[in-house]
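Every number in this text was worked out from the coordinates using simple rules, so none of it is lab data. This is a predicted model, so every value here is computed, not measured. Cβ sites come from the backbone with ideal geometry, for glycine too, and all protein chains shown count toward neighbours.
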Amino acid sequence: TSTFRIAPSILSADFARLGEEVENVIAAGADVIHFDVMDNHYVPNLTIGPVVCEAIRPRTKAPIDVHLMVKPVDAIVPMFAKAGADIISFHPEASEHIDRTLSLIRDNGCKAGLVFNPATPLHYLDHVMDKLDLILVMSVNPGFGGQKFIGEALVKIADIRQRIDRHVARGGQPIWLEVDGGVKVDNIRAIAEAGADTFVAGSAIFGARGADGSYRDVVAALRG
Ligand code: DX5
Ligand code: ZN
């Protein structure tokens with residue numbers, strides 16, 4: 001599999017035509033569907049849940065990458081697994097028992113991810129590297145699409161890249177390093193150089209539908 005993955009955030013899609021939007025971004029060359037779940041409690045916004053995941057599941061073979069911005073986390077995990085999620089990530093601050101939640105996700109047949117807000121310290125990684133399939137670095141504060149990339153995230157990405165490479169060199173499983181928030185055509189190269197391999201983009205993609213009605217040009221521009 002490619003180590004440069006584009007993950008459109010459907011938060012910025014046209015929700016009245018969501019199935020079509022999902023098909024169109026994947027047809028345009030994107031790799032993963034990023035699915036933002038907000039609960040108006042952990043973050044000050046309210047979005048979509050398992051029924052919407054279930055509705056888009058038959059529209060694509062691409063992995064659905066569920067980003068939970070909800071607290072508490074555990075009760076919703078089996079529901080997303082049943083709804084067809086491939087990857088489920090959560091914020092460590094939102095779970096009382098991080099190790100347990102990671103096991104719960106894998107026990108439900110999904111890949112597991114941990115998400116770091118701009119001010120969340122990386123020590124949450126210390127004892128759970130074996131249980132992770134993905135690490136998601138927020139380069140904005142979670143809650144809304146269309147915010148500006150916080151440059152400090154590059155330092156964090158570089159730090160995590162070293163941890164993942166050390167882990168893999170010791171025989172550990174591969175772990176995706178994903179970045180989310182303010183990713184655009186003009187900064188994605190620098191983010192890749194810092195060590196990310198999976199790039200969430202919401203407004204950059206869905207705000208750039210081409211004259212032909214497709215997202216081909218913007219996805220190709222992000223790939224560079
Ligand atoms: C923010 C979400 C992001 C968001 C990204 O809380 O997690 O996935 O949709 O949107 P852009 O790419 O517009 O910053
Ligand atoms: Zn997200």
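Across the stretch 175-191, which residue is farthest from ARG17 (Cα to Cα) among those that are away from ligand 1 (no atom under 14 Å from the Cβ) and surrounded by 17 or more Cβ atoms within 10 Å (Cβ to Cβ)?
Initial filter on the stretch 175-191 (away from ligand 1 (no atom under 14 Å from the Cβ)): 175-177, 189-190.
With surrounded by 17 or more Cβ atoms within 10 Å (Cβ to Cβ) added as a condition, the list becomes 175-177.
Details: ILE175: 33, TRP176: 30, LEU177: 30 Å.
So, considering only residues that are away from ligand 1 (no atom under 14 Å from the Cβ) and surrounded by 17 or more Cβ atoms within 10 Å (Cβ to Cβ), the one farthest from ARG17 (Cα to Cα) is ILE175.
Has the stretch 45-52 got any residue that is in contact (Cβ under 8 Å) with a residue 12 or more places away in the chain, in contact with a helix residue (DSSP H, G or I) (Cβ under 6 Å, 6 or more places away or on another chain) and within 24 Å of ASP107 (Cβ to Cβ)?
Yes - at least one qualifying residue is present in the stretch 45-52.
Could you tell me which of the residues ASP99, ASP74, ASP14 is more than 30 Å from ASP130 (Cβ to Cβ), touching a helix residue (DSSP H, G or I) at 6+ places or on another chain (Cβ under 8 Å) and surrounded by fewer than 18 Cβ atoms within 10 Å (Cβ to Cβ)? I'd like the intermediate steps shown before the answer.
Details: ASP99 fails: more than 30 Å from ASP130 (Cβ to Cβ); ASP74 fails: more than 30 Å from ASP130 (Cβ to Cβ).
Of the residues listed, the single one that is more than 30 Å from ASP130 (Cβ to Cβ), touching a helix residue (DSSP H, G or I) at 6+ places or on another chain (Cβ under 8 Å) and surrounded by fewer than 18 Cβ atoms within 10 Å (Cβ to Cβ) is ASP14.
Tally the residues that are buried (at least 22 other Cβ atoms within 10 Å of the Cβ), of a type in the set (A, V, I, L, M, F, W, C) and more than 12 Å from ligand 1 (Cβ to nearest atom), restricting the search to the stretch 192-217.
The qualifying residues number 1.
I'd like the full set of residues that are buried (at least 19 other Cβ atoms within 10 Å of the Cβ) and within 12 Å of ligand 2 (Cβ to nearest atom), limited to the stretch 22-46.
VAL32, ILE33, HIS34, PHE35, ASP36, VAL37, MET38, VAL43 - these are the residues of the stretch 22-46 that are buried (at least 19 other Cβ atoms within 10 Å of the Cβ) and within 12 Å of ligand 2 (Cβ to nearest atom).
Of these, VAL128, VAL73, which one is touching a strand residue (DSSP E or B) at 6+ places or on another chain (Cβ under 6 Å) and free of Cβ contacts under 8 Å to residues at least 60 places away in the same chain? Outline the logic, then answer.
Numbers: VAL128 fails: touching a strand residue (DSSP E or B) at 6+ places or on another chain (Cβ under 6 Å).
Only one candidate qualifies: VAL73.
All but one of (1) farther than 26 Å from MET38 by Cα; (2) buried (at least 22 other Cβ atoms within 10 Å of the Cβ) hold for ASP126; which doesn't?
Of the numbered conditions (1) farther than 26 Å from MET38 by Cα; (2) buried (at least 22 other Cβ atoms within 10 Å of the Cβ), the odd one out for ASP126 is (2).
If you check VAL115, VAL128, VAL77, VAL155, which single one turns out to be within 16 Å of ligand 1 (Cβ to nearest atom) and of a type outside the set (Phe, Trp, Tyr)?
Result of the check over VAL115, VAL128, VAL77, VAL155: VAL115.
Go through the stretch 102-113 and give me each residue that's touching a residue at least 24 places away in the same chain (Cβ under 8 Å) and either out of contact with any helix residue (DSSP H, G or I) (no Cβ under 6 Å at 6 or more places or on another chain) or at positive phi (or both).
So the first thing to find is which residues in the stretch 102-113 are touching a residue at least 24 places away in the same chain (Cβ under 8 Å), and the list is 102-106, 108-113.
Result: SER103, ARG106, GLY109, LYS111, GLY113.
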